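No lab work stands behind these numbers, since they all come straight from the coordinates. Being a predicted model, the structure only gives us computed values, none of them experimental. With ideal geometry, Cβ positions are generated from the backbone for all residues, glycine too; neighbour counts draw on all protein chains shown.
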Amino acid sequence: MEKLTQETVNFTEKNIDRIAALFPSAITETKDADGKLKRVVNFDHLKQLLSDEVADGDECYEFTWVGKKQSIIEGNRPIRKTLRPCKEESKNWDSTENLYIEGDNLDVLKLLQNSYLSKVKMIYIDPPYNTGNDFVYRDNFKVSKEDYEEELGLFDEEENRLFKNTESNGRFHSDWCSMMYPRLQLARNLLTDDGVIFISIDDNEVHNLRKICDEVFGEENFVANFIWRGGRRNAAKFISTSHEYMMCYSKSINYCNEMNISWHEKKKGLDEIYQKANELLKLSKNDYSKASKLLKEWYNSLNDGNESKKHSHYCYIDEVGVYFASDISRGGGGGPKWEVKNPNTGNYVTTPTRGWAYSKPEDLNRDIENGLIHFNGDGVPCKKRYLKDNETQLMETVFYRDRRGSSKRLTNLLNGNIFDFPKDENIIKGFIDSFANFDSIILDFFSGSATTAHAVMQLNAEDGGNRKFIMVQLPEETDKKSEAYKAGYKNICEIGKERIRRAGKKIEEELKAKSKEGELFQDEERKTPDTGFRVLKVDSTNMKDVYYSPSQYNQQMLLDLESNIKEDRTDIDLLYGVLLDWGVPLSLPHITEKIGGKEVHFVNDTDLVACFEEHVPQEVIREIARRKPLRVVFRDSSFRNSPDKINVTEIFKTLSPETTIKVI
């Protein structure tokens, strides 16, 4: 009976497996520190296999820094940690599909690899900008100033300094690059083939970030570097830097091309046009001609900078909606010419000089019958182009939104200036709308004030989507002098969770108000969006250290010891450890049943069934097998001895042969 490893993926071993499959002669063995043999790659031999000339280490283009190799090793190294549920800090635990995870995001990204591999449609992160301040993320691969200088070669063999120390700024860049590189590597694994990542950044590291992303995601997968102009900063010493960047890469631009995937944004100012058109129809008592005339007057009254005025050519209204009258003639001329009657007057209309855009008369007649042709008296008619069918456009890389707006909204929501410089939820909402589907998973592993979660909930409320979010944030302590600390927020996670609660409540109240006023869901019923979240926290493994790697121990050694599970761990702790290890999504619903006096946990009905009780009787095992679960897991101590384990295997072979059985 196979044991769950209770350990994250060892990417070094996986990569060696891939290389071994392609180039077996490049794999050799060496001894580790304990004297045991292990597989390694003979890189000199591999380089020669990949070259049609003698590989002698010629110069080549590369991007590197002190500590890069160690950061890659750290990103690939497995960890002995787990995620522990925290129901008391969650909202709607039993029904929500959203996750809020507290802990170092490097650990979390490793823990999510099995359950969310290639399942995340969009990632947005706002990592700490490298302004010279100390980082919160103090990874193992951070190098000291002394180690940095030693690796860089600033001392000769007699420990004399070779040149004046001017590299402190370089060390800042090295630290930041070492922090970002493994996190982006792990993040890429989580993206779907058509997934994208957005990274907010400023001028200090935008050049290095571009090089890192070119290496991690591939230069060909660069999508755009969006520039957000947020308003003047007059307090600047020399130049008012009014912008920052949002760098975007796709997982596979080739896949997007093959699947004809493109990204569009909704045109701005449309909601105001629709609202005004409805008002004018009521005012004119559904006189479409009069309402159209009033709509033109409304457009003329708007300022030139108004977003709605950009669409002033959509100035007609009929029973279908707002439309503009477009040219119906053949572009370039040479179109067919035949006589067409105006159904309103019975007269023949003027034929366009360039001929009709239609190739056959019946096609034009069909559009006339369907009310898709706009008649200008007996002059040349036009084709109706409805606004509802042309709501999107290609995105532009430069846009303006006053950065002060998001700060004001968050201050109002939290009743105080609790979080400095939050990102704008409306900007992120727009990107999610353009790049993600209605049921996508959105990840933010530098969650901060949980702006991304707010954006996901708001968008779901507006269009009826079922997008899910995963927020990850280190519980960084707030400054004791800050407004946040004085308001009772001891760390950033408390701010983020409270924002989600309040934003969710506000969204629910707004939906109820609109529903009562008859403004909501006129065409279809939509459920209230998911505004809950499950809180999970990074902790050490559920298993005692001596038991951590079960494959290293034989059966007798296990029997000689009482328990391989830490005393403070509950069944739910164990269950989530199993979900991570087995690669089951952490958002799935689960219930607990009493079967034969034993607690049995059912995840998403029978996707996974777990029983962590001691000495589980055969009648309970038979009942579990009759449910035909996809996976089932027990504790080692669920069985008295090896014969009992064999009986369990035989029971499942008989009643549910497709079930995979494992133990912890």
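If neighbour count is taken as other Cβ atoms inside 10 Å, put Glu88, Glu599 in order from fewest to most. Walk me through the intermediate numbers first.
Values: Glu88 7, Glu599 13.
Starting with the residue having the fewest Cβ neighbours, the order is Glu88, Glu599.
For segment 318-394, what D do you get in µm² per second when you plug the Kirkwood radius from alpha-carbon pairs into Stokes-Einstein at 20 °C and 1.002 mPa s? Write out the running numbers ahead of the final one.
Working: Rh = 13.1 Å.
The calculation lands on 163 µm²/s.
Between Thr570 and Tyr288, what's the calculated FRET efficiency when r is the beta-carbon distance and R0 is 56 Å? Round to 0.05.
Working: r = 66 Å, r/R0 = 1.17.
For Thr570 and Tyr288, the calculated efficiency is 0.30.
Just one of [x] 48, 36, 26; [y] 47, 27, 23; [z] 54, 35, 28 is semi-axes √(5λ) of the Cα gyration tensor in Å as worked out from the coordinates here. Which one is it?
Checked against the structure: label [z].
Pairs Lys408/Lys506; Lys47/Lys211; Lys267/Lys310; Lys121/Lys423; Lys68/Lys119; Lys423/Lys480: which are spaced more than 18 Å apart, C-alpha to C-alpha?
On the way: Lys408/Lys506 16 Å; Lys47/Lys211 23 Å; Lys267/Lys310 10 Å; Lys121/Lys423 20 Å; Lys68/Lys119 28 Å; Lys423/Lys480 23 Å.
Beyond 18 Å: Lys47/Lys211; Lys121/Lys423; Lys68/Lys119; Lys423/Lys480.
Listing His311, His173, His207, His454 from the residue with the fewest other Cβ atoms within 10 Å to the one with the most, what is the order? Working shown, then result.
Working: His311 21, His173 17, His207 10, His454 30.
The most exposed by this proxy come first: His207, His173, His311, His454.
Taking the alpha-carbon distance from Lys598 and a cut-off under 23 Å, which lysines remain once sequence neighbours fewer than 8 residues away in the same chain are dropped?
Output for Lys598: Lys3, Lys87, Lys566, Lys628, Lys645, Lys653, Lys662.
With unit charges on the beta carbon (Lys/Arg positive, Asp/Glu negative), name the residue among Ser252, Phe435, Cys315 whose Cα is farthest towards the positive pole of the charge dipole of the chain.
Positive-most Cα among the choices belongs to Cys315.
Mean residue ellipticity at 222 nm from the helices of the chain, using -39,500 (n - 2.57) per DSSP H segment of n ≥ 4 over the full residue count, to the nearest 500 deg cm²/dmol?
Values: 21 runs with 226 residues, N = 664.
Taking each H run of at least 4 residues, the total per residue is -10000 deg cm²/dmol.
Residue farthest toward the positive end of the dipole of segment 543-663, with Cβ of Lys/Arg at +1 and Asp/Glu at -1: which of Ser638, Val609, Leu586?
Positive-most Cα among the choices belongs to Val609.
So if we plug the beta-carbon distance of Glu62 and Ile227 into 1/(1 + (r/R0)^6) with R0 = 30 Å, what FRET efficiency do we get, rounded to 0.05? Intermediate results must be reported in sequence, preceding the final value.
Details: r = 28 Å, r/R0 = 0.93.
Once rounded, the FRET efficiency stands at 0.60.
Place a +1 charge on the Cβ of each Lys and Arg in segment 561-639 and a -1 charge on the Cβ of each Asp and Glu, then give the dipole magnitude about the Cα centre in debye, rounded to the nearest 20. Mind dumping the intermediate values first?
Values: 10 positive and 15 negative charges, 76 e Å.
My answer is approximately 360 debye.
Quote to one decimal, in nm, the extra length available between Asp44 and Thr397 on full extension: 0.36 nm per residue of separation minus the C-alpha distance between them. Mind dumping the intermediate values first?
Working: separation 353, 0.36 × 353 = 127.08 nm, distance 4.34 nm.
Result for the pair: 122.7 nm of gain on full extension.
Which length gain, in nm to one decimal place, applies between Asp644 and Lys36 when the Cα-Cα distance is subtracted from 0.36 nm times their residue separation? Walk me through the numbers on the way to the answer.
Numbers: separation 608, 0.36 × 608 = 218.88 nm, distance 3.43 nm.
The span from Asp644 to Lys36 would gain 215.5 nm if fully extended.
Below 13 angstrom from the Cβ of Asp367, what's the summed charge of the other residues (Lys, Arg +1; Asp, Glu -1)? Intermediate values should be presented prior to the final figure.
Values: positive: Lys360, Arg366, Lys383, Lys384, Arg385; negative: Glu362, Asp363, Glu369.
Neighbourhood net charge equals +2.
With a Förster radius of 45 Å, plug the Cβ-Cβ distance of Thr28 and Asp367 into 1/(1 + (r/R0)^6) and report the FRET value to the nearest 0.05.
Details: r = 72 Å, r/R0 = 1.61.
E between Thr28 and Asp367, to the nearest 0.05, is 0.05.
Considering the options Leu37, Ala325, Asn306, tell which one lies farthest towards the positive end of the dipole of the chain, charges being +1 on Lys and Arg and -1 on Asp and Glu at the Cβ, about the Cα centre.
Checked the options; the winner is Ala325.
To the nearest 20 debye, what is the magnitude of the charge dipole of segment 185-303 about its Cα centre, counting +1 on the Cβ of each Lys and Arg and -1 on the Cβ of each Asp and Glu? Don't jump to the answer; show the numbers that get you there.
Details: 17 positive and 17 negative charges, 184 e Å.
Once rounded to the nearest 20, the dipole reads 880 debye.
Using Cβ contacts closer than 10 Å as the measure, can you line up Tyr124, Tyr129 from fewest to most?
If I rank by nearby Cβ atoms, fewest first, I get Tyr129, Tyr124.
Placing +1 at every Lys and Arg Cβ and -1 at every Asp and Glu Cβ, with all other atoms neutral, what dipole size does the chain have around its Cα centre, in debye to the nearest 20?
Working: 96 positive and 112 negative charges, 498 e Å.
Value, rounded to 20: 2400 debye.
In nm, what is the difference between 0.36 nm times the number of residues separating Phe438 and Tyr255 and their Cα-Cα distance?
Numbers: separation 183, 0.36 × 183 = 65.88 nm, distance 1.98 nm.
Full extension from Phe438 to Tyr255 adds 63.9 nm.
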